[in-house]
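As structure tokens, the structure follows; a few thoughts come after it.
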Amino acid sequence: MTFDNIVYKSDCRYFLGHVPCKPHKLYGVRCENCSYYDKVTGRILIIKLGALGDVVRTTPLVHKIREEYPSFEIWWITLSPKILPESIDKVFDYSPQSIEILKNTKFEKLICLDKDMEACALASAIDARQKLGYHLKDGRPAPIDEKGVHKFLTGLFDDVNKANTKSYPEEIFEICGWQFNGEEYLLEYESSLTWDLPSDKKIIGLNTGCGDRWVSRLWPDKNWIELIKYLQEAGYHPLLLGGKQEHEKNVTLQSATGADYKGFFSLQDFMGLMDKCDVIVSAVTMAMHIAVGLKKPLILMNNIFNPHEFELYGRGEIVSPDKVCHCYFSSRCTNGDYFCLDYLPAKKIFDAIVRAAIAGG
């Protein structure tokens, strides 16, 4: 067999270069007669390293990119590659190997939405015709252009942050020169687990933790216990949610109340369990963003952040303590007079759950 006349099209969306493409493996087609040929005319790189929740809430941009640049590939580098949907053409973990690939690829557009030094350094080092968001300037993170100034300043000064009335999706769309029109999160999961849950009751997911760093957001156990009792008396089915860090806490709450607790699971199975819930209660944490991505009514307990930051898409509501929080954007409570979440009554959360459950049908 000679190879002189074999054609390959490296500008196809399915072309990989080092292994056969998917259409060839599935259907045996070759480039010269392939009906799946999808010509790529450019590439857009998104740099969003961040925490998993931050990555998820950046995915609404993909809708707009696909609309504006249908023949472009979307590449993304992140610390949380497993949370991104398959519709992203190429997903890279943050590693030396990935960085070498990106530094040797030409992009039409680069969007850096992180203001951390390493993300900004990467944005400065990569070749792109247009850059948006943030880069390094004189060894410091800086906005690339005026569209990034607003978001930059809200991260520098608490008073500016408190005065902000734009949601995170609005801000990142603005950085890209677009208007946010309610584009949803993109979230996919695969789980083979089945769950023993009642079919005749509303399942209320209670995400009880928020990690070790942000203990200023932790609602006291006594409040969770009181809320669970309200839910049980009203005929709801409370389901405790959390990861390994929340396991001991959830076992304690289960023992005190008899609430359902299945344990902790992989990310994919955790999303599958959350998807069984009719309403989800959470502080500002990863599970909150998963709930939004799953299009679940969310009761968001917020004390230390600007509530305008969060986009719930009309599902659920944000509930804050009755006493003012004096520890704005702080990981630990620094107010010696009182802890504001002691003044977020269980009845207030319960009433919000009932409203969301009724609205959800």
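The values are calculated or read from the model by the stated rules, or taken from the named source; none is laboratory data. Treat the numbers as computed from the prediction; the structure is a model and nothing was measured. Ideal geometry is used to build each Cβ from the backbone, glycine not excepted, and the neighbour counts take in all protein chains shown.
Miscellaneous remarks
- In the stretch 207-232, the residues that are on the phi < 0 side of the Ramachandran plot form Cβ pairs under 7 Å with partners that are small (G, A, S) and assigned to a helix (DSSP H, G or I), at six or more places apart or across chains, as follows: N207/A287; N223/A346; I225/A256; E226/A346; L227/A346; Y230/A346.
- Of all residues in the stretch 308-337 being without any contact (Cβ under 8 Å) to a residue 40 or more places away in the chain and surrounded by fewer than 14 Cβ atoms within 10 Å (Cβ to Cβ), the one that is nearest to E174 (Cα to Cα): G314
- The set of residues from the stretch 45-74 being among the polar types (S, T, N, Q) and within 15 Å of F173 (Cα to Cα) comprises T58, T59.
- Single residue of the stretch 284-307 satisfying the filter (more than 16 Å from the chain's Cα centre (by Cα) and closer than 17 Å to E170 by Cβ) that is surrounded by the most Cβ atoms within 10 Å (Cβ to Cβ): F305
- Filter pass, A163 being without any contact (Cβ under 8 Å) to a residue 40 or more places away in the chain, over 23 Å from the mean Cα position of the chain (by Cα), surrounded by 14 or more Cβ atoms within 10 Å (Cβ to Cβ) and over 23 Å from Y185 (Cα atoms): no
- Enumeration of residues in the stretch 113-158 that are of a type in the set (G, A, S) and not in a helix (DSSP H, G or I): A128, G133, G139, A142, G155
- Within the stretch 226-260, the set of residues being closer than 16 Å to K201 by Cα and of a type outside the set (G, A, S) comprises I228, K229, Y230, L231, Q232, E233, Y236, H237, P238, L239, L240, D260.
- Residues satisfying the stated conditions in the stretch 13-53, i.e. touching a His at 6+ places or on another chain (Cβ under 8 Å) and in the same structural domain as I101 (by TED's automatic domain parsing): L52, G53
- In the stretch 166-209, the qualifying residues are those that are among the charged types (D, E, K, R) and either in contact with a helix residue (DSSP H, G or I) (Cβ under 8 Å, 6 or more places away or on another chain) or buried (at least 16 other Cβ atoms within 10 Å of the Cβ) (or both), and the one that is farthest from C327 (Cα to Cα) is E190.
- For the stretch 221-235, the criterion of a residue being in a loop (DSSP other than H, G, I, E, B), of a type in the set (F, W, Y) and surrounded by 13 or more Cβ atoms within 10 Å (Cβ to Cβ) is satisfied by no position.
- Residue under evaluation F305, criteria (1) within 21 Å of A234 (Cα to Cα); (2) free of Cβ contacts under 8 Å to residues at least 60 places away in the same chain; (3) out of contact with any Leu (no Cβ under 6 Å at 6 or more places or on another chain), criterion not met: (1)
- Boolean, S266 is under 27 Å from the mean Cα position of the chain (by Cα), surrounded by 19 or more Cβ atoms within 10 Å (Cβ to Cβ), in the same structural domain as G209 (by TED's automatic domain parsing) and among the polar types (S, T, N, Q): no
- Any hit, the stretch 45-58, residues being on the phi > 0 side of the Ramachandran plot and surrounded by fewer than 16 Cβ atoms within 10 Å (Cβ to Cβ): no
- Within the stretch 171-185, tally of residues that are within 20 Å of C112 (Cβ to Cβ) and without any contact (Cβ under 8 Å) to a residue 40 or more places away in the chain: 2
- Q97 surrounded by fewer than 19 Cβ atoms within 10 Å (Cβ to Cβ), not in a strand (DSSP E or B) and not assigned by TED's automatic domain parsing to the domain that holds M286: yes
- The condition of being polar (S, T, N, Q) and under 24 Å from the mean Cα position of the chain (by Cα) holds for only one of T252, T208, T257, that being T208.
To keep it simple, each residue is scored yes or no on (1) exposed (fewer than 15 other Cβ atoms within 10 Å of the Cβ); (2) under 29 Å from D38 (Cα atoms); (3) touching an Asp or Glu at 6+ places or on another chain (Cβ under 6 Å); (4) not charged (D, E, K, R).
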residue	(1), (2), (3), (4)
L61	no, yes, no, yes
E73	no, yes, yes, no
T78	no, yes, no, yes
I88	no, yes, no, yes
A121	no, no, no, yes
R129	yes, yes, yes, no
G139	yes, no, no, yes
L153	yes, no, no, yes
